[in-house]
Amino acid sequence: MKIHLLGTAAAKPVPRIFCSCRGCRVARREGGRSLRTRSSTSIYLGDDSPQDVRYKVDLGPDAHLHQIQFGECLDRLEHLLYTHAHADHVHPYWLSLRRQAIAKEGIAPLQVWANARVMELLADLDLDAANMTAHLVEPGKAFRAGELEVVPLNAMHPEVEPCINFAVTAEDTTVLLAWDTGYWDEPTWNAARDLRFDAVIMELTVNGPDGPASGPYHHNVESFLKMKQRMEALNMLNDGAPFVSTHMGDNGQFSHDEAQAYWTPHGVTVGYDGLLIEV
Ligand SMILES: [Zn+2]
Ligand SMILES: [Zn+2]
């Protein structure tokens, strides 16, 4: 399995165009990996690639940019899993374009997996015309999406409850995709207790020591590390499992290089737009 992080920013792209905070100024000056677009993640099985994506988690506002940057093509997309109903993860406009595709016979049927709040955002779409089927996702109710076995876990992100962190298994590999969450509550730890991860991709909205905190519903440096340490203590990480950050705001004020220098001793890989994780 490969996990492709095409966009690794929190709700706002980094740098924010009107912002003069240290994080945004450094990102403008350095460019490269310090520039991040909004959250986008693809799962590749077998020979899948950006040109023939079959499995995707979230489809946010920067999808067109990712097509330009990475050659991403979604005409073969079979399964789209949504985490939650925030606008940096759900942008119904893209799905509305499916019915306008010129090559009608070319576009694959799409299974959309979403919780009730996301379904409300998608309510105006003509599913039949867009060749889509919607499936309701509820925390704790495992489901199978094509070749993926999926365990939906309840994230700590109550503003748009439920928000789902996905444990995804395919090709004998299990990966945790956990963004838009703070430190899990005990029922979620309990629901995840039998899972063993070959990789963890986890959000880190406040990436750095000096930024404004964003409350308990996103991670900062301390809560991110606390999650990792508890997973290690509970033997939830298989040997050599990469632990990767994504969904990073400018809040923490780190540039990419500063973040990597900070996180390397903790065994964390700092995500960036374009990072391909093979497990
Ligand atoms: Zn978000
Ligand atoms: Zn959110």
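No lab work stands behind these numbers, since they all come straight from the coordinates. Please read all numbers here as calculations on a predicted model, not as lab measurements. So basically every Cβ, Gly included, is an ideal-geometry build from the backbone, and we count neighbours across all protein chains shown.
Below are the figures for this structure:
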{"read-out": "Normalised contact order of the range 5-151, rounded percent, pairs of Cα under 8 Å and 6 or more residues apart", "value": "17 percent"}
{"read-out": "Mean separation of Cα contacts under 8 Å (6+ apart) over length of the chain, as relative contact order %", "value": "20 percent"}
{"read-out": "Residue among R98, R193, R38 with the largest mean-square fluctuation in a Gaussian network model of the chain, springs linking Cα atoms under 10 Å", "value": "R193"}
{"read-out": "Efficiency of FRET between L234 and E171 - r from beta-carbon atoms, R0 25 angstrom, step 0.05", "value": "0.55"}
{"read-out": "Per-residue ³J(HN,Hα) for the range 9-20, Karplus 6.51 cos²θ - 1.76 cosθ + 1.60, θ = phi - 60°, Hz, x for Gly and Pro", "value": "8, 6, 3, 9, x, 10, x, 6, 5, 9, 9, 10"}
{"read-out": "Residue-wise HN-Hα coupling along the range 173-183, computed from phi with Karplus coefficients 6.51, -1.76, 1.60 (Hz; x: Gly, Pro)", "value": "10, 10, 10, 9, 10, 10, 10, 6, 7, x, 4"}
{"read-out": "Alpha carbon centroid spacing (whole Å) that separates the range 39-112 from the range 153-190", "value": "21 Å"}
{"read-out": "Sparsely packed trypsin sites (Lys or Arg not before Pro) within the range 101-146, loop by DSSP, other Cβ within 10 Å at most 13", "value": "K141"}
{"read-out": "Cα-Cα P(r), the chain, percent of pairs per 10 Å interval", "value": "7, 31, 38, 20, 4, 0"}
{"read-out": "Residue exposure sequence - S223, S96 - by fewest surrounding Cβ within 10 Å", "value": "S96, S223"}
{"read-out": "Over the chain: helical MRE at 222 nm, DSSP H runs n ≥ 4 each giving -39500 (n - 2.57), nearest 500", "value": "-5000 deg cm²/dmol"}
{"read-out": "Beta bridge orientation in the chain: antiparallel %, DSSP, nearest 5", "value": "50 percent"}
